[in-house]
Each structure stands twice: as C-alpha cells, then as structure tokens.
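Shown next, in structure tokens, is the structure this report addresses.
The values are calculated or read from the model by the stated rules, or taken from the named source; none is laboratory data. Please read all numbers here as calculations on a predicted model, not as lab measurements. Cβ coordinates were reconstructed from backbone atoms using ideal geometry, including for glycine residues, and neighbour counts include every protein chain displayed. Note: accessible area is taken over every heavy atom of the protein model, side chains too, but ligands, DNA and RNA are not part of it. Shrake-Rupley method; radii C 1.70, N 1.55, O 1.52, S 1.80 Å.
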Amino acid sequence: IEAVDIKERAGANPLVFVALLLDMHNEAGLCVRERRDLAYMVPTNLQRKIVSYNKQPDFSHAITPSEILLFRYSALSWNSHRIHYDAPYACGIESHPGLLVHGPFTCTLLLQLLQSHMPAGMALKSFDYRAISPLYCGQSLSLNGRWIACDDASETSRCELWVTNNEGGISMKGVATLVRL
C-alpha cells in the first residue's frame, strides 16, 4: 500500500482512496509495475448509469461472460469475493442484478483485444484505464479499440480501448501506449 487518503465531502459520506503498487520480477528483473487507485465508499444506489460513448472503433469483439468464466477467473486471480461467483449472494446480499464481472478481467480482455490487433514489432509500454460502470454475467459486452496517435520520431503509438455494456453504455475506458521493439 503506497497511500491511503480520506476525502471528506459536504453533505455526503467520505471517500477513501487506496493507492496500491505491485512490482513483479522475473529472472531478468522488474518486468511489470502495476499501480491501482481504488476508491471505497458507503454503498449507495446500485443502478448502473448509462453513459454513451460515440466513437467508432477500428476493431471490436463481442463476448458474453458466463458463470464458469467468472468462477475460473476468480480462482486464477485468487479473488474470493462472492459477488463474482455466488449469484444468490451477489443478488440477495449485495443487491446486484447478477454476478459482477471482475474489473481486472475486463482489463485483461481489453489487453487481449489490443494484442490481437497490435502492429508487428510493437510492445505494450503502459495501459492507463478507469472502470466507469459495472458489467454483469450473462449480458453481452463489446470490447473496442481505436488508434489515436502514432509518433514515428519516438516510435510510439497510442490506442484508445473501451468496453460498452449490453445497453450501449461505457463500462471501462483507457489508453494503451505501445513502443517499437
């Protein structure tokens, strides 16, 4: 944990922000640095807001997450939160309309989409993203990508990636920076 910050809000419950930093190493040394900024708040109305995103993708892929897929990702990532694999708990106790799709799983799907459309000789340098609205099991989602910048001088490219839910609203968006190998 890098930092914990409590933000008081006038007329509302406070928000707690937790900054996590995770370094991963292999035999060659540092290979991945992940920074997560998590926000915690008192539970409120869980109605999903629909925010449209009117950009045309250069490439996309549709998927409908299943219970088995979410259970397997929970096991793979050691995520034991029941909202991802126990429907009676997710719906009855947490008041979600169904099993919640993991934010990191959604990020993984976006990066797989990028990898399948990545230009030859390029590698991922960074991916900055933000979850906006929840996704639920059994509801279709669309993974989308659009090239937004290419700098030949620095040999970098940038790609905007986003997910839309079954109602057409944006659920996650981010920007990936690629570098020439």
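Whether any residue in region 142-154 is at pLDDT below 90, assigned to a strand (DSSP E or B), farther than 13 Å from residue 180 by Cα and open to solvent by less than 70 Å² (accessible area, probe 1.4 Å) is what I want to check. Looking for residues that are at pLDDT below 90, assigned to a strand (DSSP E or B), farther than 13 Å from residue 180 by Cα and open to solvent by less than 70 Å² (accessible area, probe 1.4 Å), one finds at least one in region 142-154, hence yes.
Looking across region 1-20, the residues that are open to solvent by less than 70 Å² (accessible area, probe 1.4 Å) and of a type in the set (A, V, I, L, M) come down to 3, 12, 15, 16, 18, 19, 20. Determine if region 65-80 includes at least one residue that is modelled with pLDDT of 90 or more, open to solvent by less than 90 Å² (accessible area, probe 1.4 Å) and either on the phi > 0 side of the Ramachandran plot or assigned to a loop (DSSP other than H, G, I, E, B) (or both). Yes, region 65-80 has at least one match.
Is it the case that residue 160 is over 23 Å from residue 83 (Cα atoms), among the charged types (D, E, K, R) and surrounded by 17 or more Cβ atoms within 10 Å (Cβ to Cβ)?
Numbers: over 23 Å from residue 83 (Cα atoms): yes; among the charged types (D, E, K, R): yes; surrounded by 17 or more Cβ atoms within 10 Å (Cβ to Cβ): yes.
Yes: the conditions hold for residue 160.
Taking residues in region 109-129 that are farther than 20 Å from residue 73 by Cα, and partners anywhere that are in a loop (DSSP other than H, G, I, E, B) and among the acidic types (Asp, Glu), the pairs with Cβ atoms closer than 8 Å and at least 6 places apart or on different chains are 117/58.
For region 43-66, the criterion of being of a type in the set (Asp, Glu) and closer than 28 Å to residue 118 by Cα is satisfied by at least one residue. When 40, 89, 129 are checked against the criterion of being within 29 Å of residue 177 (Cα to Cα) and surrounded by 14 or more Cβ atoms within 10 Å (Cβ to Cβ), a single residue qualifies: 129.
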